[in-house]
Amino acid sequence: MDRHLIEQATGFYTGSRFNDEKLYRGGLLGELEDYMAGTTLTVKVHGVSRLASISKAAILIIRNPIDSTIAKRNRKLTSSLTEAAPWDRSLRFDKDWNRQAQLNHFENIVNNFVELQVPSLVVHYENLKEHTLVEVRRIVKFLNMTMSKEREMCVEHNMEGNFHRKLDDIVAPYEAFTDQMKCKALDGMRRVSMVLVKKGHDPLPCLQEHPVSSCDLFSKAVSSISNCTADNSTLS
């Protein structure tokens, strides 16, 4: 979604360090470019350590860890960029989640990003989904570019591109998270939000008193355990 929007808004290709042929065939024609060659406007990487040595500026697009875990599982189980995995309550993440790999990655990315010594922009996925044109304008401005009225129309009329994942039952994945797992996610999100605010960035939208509507399902999923105990390992 993010790279598609940047290309729609600017008319320039975006690249990545992964050379994913599925993305190339889906229309992201900068995907197979050498990510060090400077032939694309932006380059997607996973992990901040790679940014420090190759980037003059950096954009972080951040999503709450529960939804990003669901998206990661969909990609892993379907090997597809558009299909959704089957879900039921038996499909839990307890083992992986309790090792904290996903949450540690979430926090480490942000903690490392805010320390980069280059111009940086934080974009919240939920805001990008809810207020697409506003957030795209922020990105384009950060890239020292302008967006014509014609390109604004392109963004408004083709926000999803070819990689929208269609979920038939979007509520079901949330049932795979126990209260303990949700509490750990909330704890991590609160720490991350405090770090972002301290560094002059916007807080996580799904933790706000009036979150954007794209947080609705997430907010409902965690509303019953909003008062997690200090030692949330005791929750079932």
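The values are calculated or read from the model by the stated rules, or taken from the named source; none is laboratory data. Note that the structure is predicted; figures quoted are calculated from it, not measured. As a convention, Cβ positions derive from the backbone with ideal geometry for all residues, glycine included, and neighbour counts pool all protein chains shown. Each accessible area value is taken on the protein alone, full model and side chains, heavy atoms only, with ligands, DNA and RNA left out. Shrake-Rupley method; radii C 1.70, N 1.55, O 1.52, S 1.80 Å.
Just to verify a number: what accessible area does D202 come out at with the full protein assembly present, 1.4 Å probe, Å² rounded to tens?
Result for D202: roughly 90 Å² accessible.
Which of F218, V197, Y174 sits farthest toward the positive end of the charge dipole of the stretch 171-220, with +1 on the Cβ of Lys and Arg and -1 on the Cβ of Asp and Glu?
Result: V197, furthest along the dipole toward the positive end.
I want the local charge near C215. Using Cβ-Cβ distances under 13 Å, sum +1 for each Lys or Arg and -1 for each Asp or Glu among the other residues. Could the numbers behind the result be given before it?
Numbers: positive: R63, K129, K220; negative: D67, E126, E130, E209, D216.
Summing Lys and Arg as +1 and Asp and Glu as -1 gives -2.
Count the net charge of all other residues whose Cβ sits under 11 Å from the Cβ of Y24, scoring Lys and Arg as +1 and Asp and Glu as -1.
On the way: positive: K22, R25; negative: D20, E21, E31, E33.
Charge balance in the 11 Å sphere: -2.
Per-residue accessible area for L41 at 1.4 Å probe radius, Å² rounded to 10?
My reading of the accessible area for L41 is about 60 Å².
Say each of S49 and V134 gets a label point 7 Å from the Cα, pointing the same way as Cα to Cβ; how far apart are those two points in nm?
3.7 nm
So if R0 is 30 Å, what FRET efficiency would K141 and K220 give, r being the distance between their Cβ atoms, rounded to the nearest 0.05?
Working: r = 34 Å, r/R0 = 1.13.
The formula returns an efficiency of 0.30 here.
Taking the Cα centre of the stretch 2-71 as origin, work out the dipole magnitude from +1 charges on Lys and Arg Cβ and -1 charges on Asp and Glu Cβ, in debye rounded to 20.
Numbers: 8 positive and 8 negative charges, 35 e Å.
With only Lys, Arg, Asp and Glu charged at Cβ, the dipole is about 160 debye.
Please identify every one of the GluC sites (Glu not before Pro) in the stretch 4-55 that sits in a loop by DSSP and has no more than 15 other beta carbons within 10 Å of its own beta carbon. Spell out each step's value before the answer.
Numbers: sites: E7, E21, E31, E33; in loops: E31, E33.
Sites meeting the loop and neighbour criteria: none at all.
Counting only residues 5 or more places away or on other chains, whose amide H sits under 5 Å from the amide H of I61 once H atoms are built in the peptide plane?
Counting only residues 5 or more places away or on other chains, the set is V123.
Can you tell me how much longer the chain between M36 and E209 gets when fully stretched, taken as 0.36 nm per residue apart minus their C-alpha distance, in nm with one decimal? Write out the running numbers ahead of the final one.
Values: separation 173, 0.36 × 173 = 62.28 nm, distance 4.21 nm.
Gain on extension, M36 to E209, equals 58.1 nm.
Let me have the relative contact order for the stretch 1-49, percent, based on Cα pairs under 8 Å that are six or more residues apart. Could you put the intermediate results ahead of the total?
Values: 67 pairs, mean separation 17.9, N = 49.
Reported as a whole number, the value is 36 percent.
Using only the Cα atoms of the stretch 2-69, construct the convex hull and provide its projected area averaged over every direction, in square nanometres to one decimal. Display every interim value, and only then the final one.
On the way: hull surface 20.6 nm².
Convex hull of Cα atoms, orientation-averaged projection: 5.2 nm².
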